[in-house]
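What follows is calculated from the coordinates using simple rules that are stated; it is not laboratory data. These figures come from a predicted structure and were not determined experimentally. Counting neighbours? That spans all protein chains shown, and the Cβs are built from the backbone with ideal geometry, glycine included.
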Amino acid sequence: MSSPKKVAIEILKFAGKDGAYKRKVSQFRNVISSKPDSKYLAEAGRYTVYISLACPWACRVLMYLNTKKLIKNFNPVTSTVDKDSIIDLAVVHWHMDDKGWRFPSAEDPCDAATADPNYGYRRIRELYFKSEPEYDGRFTVPVVWDKKSQTIVNNESSEIIRFLNTEFNHLIEDPVAKALDYYPEPLQPAIDELNELTYENINNAVYKSGFATAQEVYEKEVINLFKHLDIVESKLKSQNEKNEKYLLGNNLTESDIRLFTTIIRFDPCYVQHFKCNLGTIRHDYPYLHNWVREIYWNVPGVKETVNFDHIKFHYTKSHIAINPHGITPLGPIPHILPLEN
Ligand SMILES: N[C@@H](CCC(=O)N[C@@H](CS)C(=O)NCC(=O)O)C(=O)O
C-alpha cells in the first residue's frame, strides 16, 4: 500500500515523465437545453454549479452566472445567492490537498466558500463517485450538477458557458441580462478562431509553464506564452485604433471572458508562481492592461467574481511541489490597478 505522503505527491503531480503538463479531457459532456424533450431541461432550481473562486475555468462559468443573473444577488464575501436564483451555486475551499477540492466546515472554515448544498459532502470527489462509481479521472471544477437525476451533467467550462449563454434565457427576468449574448452568430467564426489561439497558448500555457519539471520544456512554453500575449496585445491595439474596447468589438464576447480569467490572475499569481516572468501585464502590455481593467472595473457583475485571496492562496499553498513552504507573496500591491492609473 502506498503511504499517504506518496499519494499526496501523486495527486499533486501535474507533469508527466517528460516534464510536460498534459491537461486531461473532461469526461461529463451532456448539455442542458430549453427544448421540451431534452434529458437535461433548462428549469429553474434544478441545477447546482460547483466552482472554485481560484480556478480560471470555473470563474468563466461564474462570470456567465452573475452577469446573466442566473444567480441573484451573489454576495462575494459569503458566496451566497438568493434562494430563488435560477441556478444554485456552491464554492469550495481555496485549498486543494491530496484528495482534491473540499468544502469548508466548522473546524476548517474558509471565507467566501460554502457547504455542499445538496448532500453536505466534504469533497468534490464524492459528487464524481455518486455520478460514476468507477470514475477514474481528475476531480475538477466547474461541475454542473442535476439535482433531479443526481448526476454530473457537464464538467467542461467551454461547453457549460455555451448552454448558459442561451438555454436559460426564457427564465431570466432582467431584460438586459436576458439579452446578453456572448456568442452572437455573426461573430461565431471569429470567436472560435480566437479561442483556439488563446486556449492552448495563453489559458493553458500558464499551466504548461508552471507545471513543467524540465528546464527546456518550461522555456519553450513560457516563450510561446509571451509570443501569444504579444499577438493579443497588437490585436487590442488595433481594436483601440478603431475605438473598440474589446477583442471583437464594443460588446463583450466569450473570447473576452475566456481570456479575462487568465489575465486577471497573471500579475498577482502566474508571474511568480508559474514563473511567467518575461514581463507583466501592468508594465509591458498597455493595451491588455487597459482591457483587463476595463472589464474588471466597468462591466457590471464582473468584479465580484474575482477573489484575489482565493486565487493567491490556492496556487501558492496547494501546489506543494512548486512552493513547498506555502508562502504566499504579498505583492503586487494593489492586485489590480485602478482604471485611471
Ligand atoms: N477542462 C476543464 C478544466 C478544469 C480544471 O482543470 N480545473 C482545475 C482547477 S483550476 C481543477 O479542478 N483541478 C483539480 C485537479 O486537477 O485535480 C474546464 O475547463 O472545465
Lys and Arg at +1, Asp and Glu at -1: neighbours of PHE211 with Cβ under 11 Å from its Cβ sum to +4
How do 87-99, 131-143, 269-281 rank on mean C-beta neighbours within 10 Å, highest first?
87-99, 269-281, 131-143
Translational diffusion coefficient, Stokes-Einstein: compute it for the stretch 26-179 using the Kirkwood radius over C-alpha pairs as Rh, at 37 °C and 0.692 mPa s, and state it as an integer in µm² s⁻¹.
211
Here is the link list: LYS17/LYS39; LYS178/LYS312; LYS220/LYS245; LYS24/LYS178; LYS68/LYS245. Which ones come out longer than 29 Å on Cα distance?
LYS17/LYS39; LYS178/LYS312; LYS220/LYS245; LYS24/LYS178
Which far-off residues, 5 or more places away or on another chain, put their amide H under 5 Å from the one on TRP101, with H placed in the peptide plane?
ILE124, ARG125
How many nm is it between the label spots at THR78 and LYS220, if each spot is 7 Å from the Cα in line with the beta carbon?
5.0
List PHE313, PHE129, PHE266 from most exposed to least, where exposure is judged by having the fewest other Cβ atoms within 10 Å.
PHE129, PHE313, PHE266
Mean-position separation - Cα centroids, the stretch 271-323 and the stretch 204-255, in angstrom:
13
About the Cα centre of the chain, how large is the charge dipole given +1 on each Lys and Arg Cβ and -1 on each Asp and Glu Cβ? Please answer in debye to the nearest 20.
680
Using only the Cα atoms of the chain, what are the Rg and Dmax in Å?
19.5, 63
Quick query: amide H of LEU89 versus all other amide H atoms, modeled in the peptide plane; which residues come in under 5 Å with a sequence gap of 5 or more or a different chain?
VAL49
Give the percent of DSSP beta bridges with both residues in the chain that are antiparallel, rounded to the nearest 5.
70
Taking r as the C-beta separation of ASP192 and ALA321 and R0 as 35 Å, the FRET efficiency to the nearest 0.05 is 0.50
Karplus-derived 3J(HN,Hα), 6.51/-1.76/1.60, for each residue of the stretch 275-285, Hz, glycine and proline x
6, 8, 10, 7, x, 10, 5, 5, 9, 10, 10
Taking the Cα centre of the chain as the origin and placing charges on Cβ (Lys, Arg +1; Asp, Glu -1), which of SER38, SER85, GLY137 is farthest toward the positive end of the dipole?
GLY137
Taking only C-alpha pairs under 8 Å that are 6+ residues apart, what is the relative contact order of the chain in percent?
20
Quick one: if you stick a label point 7 Å off each Cα along the C-beta vector at ALA115 and LYS237, how many nm between them?
5.4
Projected convex hull area of the stretch 185-318, Cα atoms, direction-averaged, in nm², equals 8.3
Using Cα pairs closer than 8 Å and at least 6 residues apart in sequence, work out the relative contact order for the stretch 1-138, in percent.
19
Calculated log₁₀ intensity ratio I(q)/I(0) where the Debye formula runs over C-alpha points of the stretch 268-341, q = 0.13, 0.18 Å⁻¹
-0.44, -0.80
Vicinal HN-Hα couplings computed from phi for the stretch 94-108 (Karplus, 6.51 cos²θ - 1.76 cosθ + 1.60; Hz; Gly/Pro x)
5, 7, 10, 10, 5, 10, x, 6, 9, 8, x, 8, 4, 7, 9
Between beta-carbons, use under 10 Å as the cut-off and find the net charge around ARG138, counting Lys and Arg +1, Asp and Glu -1.
+2
Wrap a convex hull around the Cα atoms of the stretch 169-226, take a quarter of its surface area, and give that in square nanometres.
6.0
Starting from the amide H of CYS276, placed 1.01 Å from N in the peptide plane, find each other amide H under 5 Å away whose residue is 5 or more places distant or on another chain.
VAL271
Residue-ordered couplings for the stretch 55-64, obtained by feeding phi - 60° into the Karplus form 6.51 cos²θ - 1.76 cosθ + 1.60 and rounding to whole Hz (Gly and Pro as x), are 7, x, 6, 5, 6, 4, 5, 4, 4, 5
Cut-off 13 Å between beta-carbons: net charge of the residues surrounding GLU221, Lys and Arg +1, Asp and Glu -1
+2
What 222 nm value per residue comes from the helices of the chain, counting each DSSP H run with n ≥ 4 as -39,500 (n - 2.57) and dividing by all residues, nearest 500 deg cm²/dmol?
-11000 deg cm²/dmol
